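These notes are about the structure you will find just below.
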Amino acid sequence: MPTIVVDVMPKAELLDPQGKAVSGAFARLGVSDFSAVRIGKRFELTVEGEVTEEVLAEAQRIADEILSNAVIEDVVGIEVVE
């Protein structure tokens, strides 16, 4: 069955306290290859049947209206994985 993956991230202009905490942990562990961490959400929507343009449009609608908070988050990706 195909799956639609929706990725949601905090808006770039907002602070990301979880990402900041992980970045601090990296520093404490001696990991220096990464300058920043941002943490988001991933949703996997299993589709019964074929993924049509209508199904993708519905996934976009629920991503915008239900899966993300438009005030503080952006939907950064919607893709179909088989």
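The values are calculated or read from the model by the stated rules, or taken from the named source; none is laboratory data. None of these values were measured; they are calculated from a predicted model. Here the Cβ positions follow ideal geometry from the backbone for every residue, glycine too, while neighbour counts run over all protein chains shown. The accessibility values were calculated without ligands, DNA or RNA, using every heavy atom of the protein model including side chains. Shrake-Rupley method; radii C 1.70, N 1.55, O 1.52, S 1.80 Å.
I'd like to verify a number: residues in the range 64-77 that are within 10 Å of the chain's Cα centre (by Cα) and either farther than 30 Å from Gly24 by Cα or in a helix (DSSP H, G or I) (or both), how many?
Summing the residues that are within 10 Å of the chain's Cα centre (by Cα) and either farther than 30 Å from Gly24 by Cα or in a helix (DSSP H, G or I) (or both) in the range 64-77 gives 1.
If you go through the range 10-24 one residue at a time, do you hit one that is of a type in the set (A, V, I, L, M), open to solvent by less than 50 Å² (accessible area, probe 1.4 Å), in a helix (DSSP H, G or I) and free of Cβ contacts under 8 Å to residues at least 12 places away in the same chain?
no
Given the criterion of a type in the set (Val, Ile, Thr) and open to solvent by less than 80 Å² (accessible area, probe 1.4 Å), identify the matching residue among Val71, Val76, Val51.
Val51
How about the range 54-68: which of its residues are closer than 12 Å to Val6 by Cα and open to solvent by less than 70 Å² (accessible area, probe 1.4 Å)?
The answer is Leu56, Ala59, Ile62, Ala63, Leu67, Ser68.
If you take the residues of the range 25-56 that are assigned to a loop (DSSP other than H, G, I, E, B) and closer than 20 Å to Asp74 by Cα, which of them is farthest from the chain's Cα centre (by Cα)?
Ala36
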